[in-house]
Amino acid sequence: QVQLVESGGGLVQPGGSLRLSCAASRYVVSRYTMYWYRQAPGKEREWVAIIGRGGDTNYADSVKGRFTISRDNAKNTLYLQMNSLKPEDTAVYYCKGGGPTEYWGQGTQVTVSS
């Protein structure tokens, strides 16, 4: 079955960087719009970034200028480069694959703390 598997989360100090990956199987990331979402403790899941089939991107205001979404079609993997991380970026990060059926990964924890 389709699987989206996130990795790359962890503990980082404020101002640091992380790169999240979302590896897909039985699903071709280049064919669909792909998303990153996040959910902080006690809060609803929120949209973070989007990349369209043509490579166009957009970001939530809270991460604009700090995060970059991209994909490697050869590796069939979606990425989220996160720079200048802040404590308020602490959350579980999820990738989502679009299409006739939407698919979610299991999430990866990002904790920004000194």
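The values are calculated or read from the model by the stated rules, or taken from the named source; none is laboratory data. None of the values given here were measured: they were computed from a predicted structure. Here Cβ is always computed from backbone atoms with ideal geometry, including for glycine, and neighbour counts include all displayed protein chains. Accessible surface is based on the protein model in full, side chains and every heavy atom, while ligands, DNA and RNA are left aside. Shrake-Rupley method; radii C 1.70, N 1.55, O 1.52, S 1.80 Å.
Compute the relative contact order of the chain as a whole-number percentage, counting only Cα pairs closer than 8 Å that sit 6 or more residues apart in sequence.
This gives 37 percent for the chain.
For Trp47, tell me the accessible area in Å² from a 1.4 Å probe, rounded to the nearest 10.
That residue has around 80 Å² of solvent-accessible surface.
Computed FRET efficiency, Cβ-Cβ of Ser30 and Ser84, R0 35 Å: what is it to the nearest 0.05?
Once the sixth-power term is evaluated, E becomes 0.75.
Report the label-to-label distance for Lys75 and Ser62 in nanometres (one decimal), using points 7 Å from each Cα along the Cα→Cβ vector.
2.7 nm
Tell me the net charge near Tyr79. Cut-off is 9 Å between Cβ atoms, Tyr79 excluded, with +1 for each Lys or Arg and -1 for each Asp or Glu.
That works out to +1.
Run the simple label-point estimate for Gln39 and Gln13 please: 7 Å along Cα→C-beta, distance reported in nm.
Distance between label points: 3.2 nm.
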